Amino acid sequence: MDVAIWKGDGAGGQYEHFAVPAEDNQTILDVVSWVQQNADPTLSYRFACRVGMCGSCAMMVNGTPRWTCRTHVKKVLKDGQLKVAPLNNLPVVKDLVVDMDPFFDKWIKAGGLHAPSKTRDDDIAAIAPDTDGRQNANAGIECINCSVCYAACDTVRSNPDYLGPAALQRAWTIVNDEKHAARGAVLDLVAQSDGCFNCHSMGSCTAHCPNDLDPMQAIARLKRAAIKHQLAGGGRDA
Amino acid sequence: MRAAYRNHPLWLAFALHRLSGLGLALFLPAHFYVLGLALHQPQQLDGFLAFGAHPMVKLAEFGLVFLLAVHMFGGLRLLALEFLSITARQKTLIAVAISAAFALACLFLLRAFSI
Ligand code: SF4
Ligand code: SF4
Ligand code: FES
């Protein structure tokens, strides 16, 4: 098959074509690895777990952001052709490697750090698994920070400062975490100008999350909670 | 060409909402201008109303009502999504919004031609 792989750096680059032997069971990551091992040892790319756990191998595959380790060639091959590029919406370091810093910085900006409400000397808070809050949090905590949703979001594309689906979904899990000490402050953070109200509910994040998470819905609920919080006078004394 | 990652119903609904909004924004100045004629130059307005009786113009008006309805029901869909806890029925919501818009515009067309 004909595989086009983007090669270059932050300043620019172009696609280079490689003829890669097709196998019965072959992921996109296998293809990229084959090229690096057999055709072009200078090719840079990133991966670790190869089983959809670490979130480091995401790339644009025929125009769609995907985990390359869990995407079978057969599923995405178009007329015997494959196009692999670095993730959208993040600065390229080299070839298929992007700089994930902006993505992680936004997690912090959206209040993603845990603020403990107890010390090690206190008893562990008992949280019933069937409460709304716990269910809401559960829906988002399987995120592995792969940035697939972030690369699919056209709002990030048009406003690079927008916090983006993953960070806001993280904020929503925190707002629902009874053990967190500053949930009101998180609602204030996400209501700021580059926060949740930027989201147009276009759902590309949800459509492409390989973990079947629903950041769009998390953000919709976050919007509602943030509005309630502001109406109740939140943020005024912060 | 539409990038591959945009190939899903919610993105289409978003695009439709944007385009109908833009279309309406372009139309509004003309709308206000014609309304203004009623106040200042009634003769010209009569001429314009005669022009409005033309079937092609009526068809164009159908498009306008469709845009308006698409934008309105699209907005209601978003409000439902964001303020009621609607889950997993997004496609249904989009379909309902578009068909309601279409029905409304057709109704308008029928009336326009029966007068
Ligand atoms: S729903 Fe919101 S966060 Fe998700 S892709 Fe659309 S704009 Fe981005
Ligand atoms: S929400 Fe899904 S797509 Fe986005 S970073 Fe988390 S796991 Fe990846
Ligand atoms: S290599 Fe870890 S998720 Fe793909």
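The values are calculated or read from the model by the stated rules, or taken from the named source; none is laboratory data. Note that the structure is predicted; figures quoted are calculated from it, not measured. Using ideal geometry, Cβ is built from the backbone for each residue, glycine included, and neighbour counts are taken over all protein chains shown. Quick note on the areas: whole protein, heavy atoms, side chains included, nothing else; ligands and nucleic acids left out. Shrake-Rupley method; radii C 1.70, N 1.55, O 1.52, S 1.80 Å.
Residues checked against (1) aromatic (Phe, Trp, Tyr); (2) within 10 Å of ligand 1 (Cβ to nearest atom); (3) within 13 Å of chain B (Cβ to nearest Cβ):
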{"position": "A:ASN145", "(1), (2), (3)": "no, no, no"}
{"position": "A:VAL148", "(1), (2), (3)": "no, no, yes"}
{"position": "A:GLY164", "(1), (2), (3)": "no, yes, no"}
{"position": "A:GLN217", "(1), (2), (3)": "no, yes, yes"}
{"position": "A:ALA225", "(1), (2), (3)": "no, no, yes"}
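For segment A:207-227, give me each residue that is open to solvent by 40 Å² or more (accessible area, probe 1.4 Å) and within 17 Å of the chain's Cα centre (by Cα). Give the steps one after another, and end with the answer.
Step one: filter segment A:207-227 for residues open to solvent by 40 Å² or more (accessible area, probe 1.4 Å), giving A:207, A:210-212, A:214, A:221, A:224, A:227.
Selection gives A:ALA207, A:PRO210, A:ASN211, A:ASP212, A:ASP214.
Among the numbered conditions (1) open to solvent by 20 Å² or more (accessible area, probe 1.4 Å); (2) within 14 Å of another protein chain (Cβ to nearest Cβ); (3) not small (Gly, Ala, Ser), tell me where A:ASP105 comes up short.
Every listed condition holds for A:ASP105 apart from (2).
Being part of a strand (DSSP E or B) and open to solvent by less than 70 Å² (accessible area, probe 1.4 Å) is the filter here, so list the residues in segment A:67-98 that pass it.
Taking segment A:67-98 first, the residues part of a strand (DSSP E or B) are A:67, A:72, A:78, A:81-85, A:92-94, A:97-98.
Scanning segment A:67-98 gives A:TRP67, A:LEU82, A:VAL84, A:ALA85, A:VAL92, A:VAL97, A:VAL98.
I'm checking my understanding of the structure. Among residues of segment A:191-215 that are part of a helix (DSSP H, G or I) and facing chain B (nearest Cβ under 9 Å), which one is nearest to ligand 1 (Cβ to nearest atom)?
Step one: list which residues in segment A:191-215 are part of a helix (DSSP H, G or I), which gives A:196-198, A:204-208, A:215.
Filter once more, so that each one left must be facing chain B (nearest Cβ under 9 Å): A:204, A:206-208.
Working: A:SER204: 4, A:THR206: 6, A:ALA207: 8, A:HIS208: 9 Å.
By that ranking, first place goes to A:SER204.
Six or more apart or on different chains, Cβ under 7 Å: which pairs go from a residue in segment A:41-58 that's within 14 Å of chain B (Cβ to nearest Cβ) to one that's part of a loop (DSSP other than H, G, I, E, B) and within 16 Å of ligand 1 (Cβ to nearest atom)? Could you list them?
Cβ pairs passing all conditions: A:ALA58/A:LEU87; A:ALA58/A:CYS146; A:ALA58/A:SER147.
Restricting attention to segment A:65-78, and to residues there that are away from ligand 3 (no atom under 12 Å from the Cβ) and out of contact with any Ser or Thr (no Cβ under 9 Å at 6 or more places or on another chain), which single residue is modelled with the lowest pLDDT? Lay out the reasoning, then the answer.
Narrowing segment A:65-78 to residues away from ligand 3 (no atom under 12 Å from the Cβ): A:65, A:72-78.
Now narrow it down to the ones that are out of contact with any Ser or Thr (no Cβ under 9 Å at 6 or more places or on another chain): A:74-75, A:77-78.
Numbers: A:LYS74: 94, A:LYS75: 94, A:LEU77: 92, A:LYS78: 88.
Filtering segment A:65-78 for residues that are away from ligand 3 (no atom under 12 Å from the Cβ) and out of contact with any Ser or Thr (no Cβ under 9 Å at 6 or more places or on another chain), the one modelled with the lowest pLDDT comes out as A:LYS78.
So A:GLN230 fits all but one of (1) within 13 Å of another protein chain (Cβ to nearest Cβ); (2) open to solvent by 30 Å² or more (accessible area, probe 1.4 Å); (3) modelled with pLDDT under 95; what number is the exception?
A:GLN230 satisfies all of (1) within 13 Å of another protein chain (Cβ to nearest Cβ); (2) open to solvent by 30 Å² or more (accessible area, probe 1.4 Å); (3) modelled with pLDDT under 95 except (1).
Might you let me know whether segment A:125-133 holds any residue that is surrounded by fewer than 19 Cβ atoms within 10 Å (Cβ to Cβ), of a type in the set (Asp, Glu), free of Cβ contacts under 8 Å to residues at least 60 places away in the same chain and assigned to a helix (DSSP H, G or I)?
Of all residues in segment A:125-133, those surrounded by fewer than 19 Cβ atoms within 10 Å (Cβ to Cβ) come to A:125-133.
Those left that are additionally of a type in the set (Asp, Glu): A:130, A:132.
Narrowing further to those that are free of Cβ contacts under 8 Å to residues at least 60 places away in the same chain: A:130, A:132.
Filter again for assigned to a helix (DSSP H, G or I), leaving A:132.
The answer is yes; a qualifying residue exists.
Listed here are the residues, each with its yes/no results for (1) within 14 Å of another protein chain (Cβ to nearest Cβ); (2) open to solvent by 60 Å² or more (accessible area, probe 1.4 Å); (3) modelled with pLDDT of 90 or more.
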residue	(1), (2), (3)
B:ARG6	yes, no, yes
B:ALA15	yes, no, yes
B:LEU28	no, yes, no
B:TYR33	no, yes, no
B:LEU37	no, no, no
B:ASP46	no, yes, no
B:ALA50	no, yes, no
B:PRO55	no, yes, no
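Across segment A:52-94, what is the number of residues that are over 22 Å from A:SER204 (Cβ atoms) and either within 14 Å of ligand 2 (Cβ to nearest atom) or in the same structural domain as A:ASP154 (by TED's automatic domain parsing) (or both)?
Count: 2.
Among the numbered conditions (1) within 13 Å of A:HIS200 (Cβ to Cβ); (2) among the aliphatic types (A, V, I, L, M); (3) touching a His at 6+ places or on another chain (Cβ under 6 Å), tell me where A:VAL148 comes up short.
Answer for A:VAL148: the failing condition is (1).
Let me spell it out: the conditions are (1) of a type in the set (Asp, Glu); (2) in a helix (DSSP H, G or I); (3) open to solvent by 60 Å² or more (accessible area, probe 1.4 Å), and A:ASP188 meets all of them except one. Which number is the exception?
Every condition holds for A:ASP188 apart from (3).
Taking segment A:1-22 as the region of interest, how many residues are in contact (Cβ under 8 Å) with a residue 12 or more places away in the chain and not in a strand (DSSP E or B)?
Residues in segment A:1-22 being in contact (Cβ under 8 Å) with a residue 12 or more places away in the chain and not in a strand (DSSP E or B): 5 in total.
Are any of the residues in segment B:72-87 in contact with a helix residue (DSSP H, G or I) (Cβ under 7 Å, 6 or more places away or on another chain), assigned to a helix (DSSP H, G or I) and more than 14 Å from every other protein chain (Cβ to nearest Cβ)?
yes
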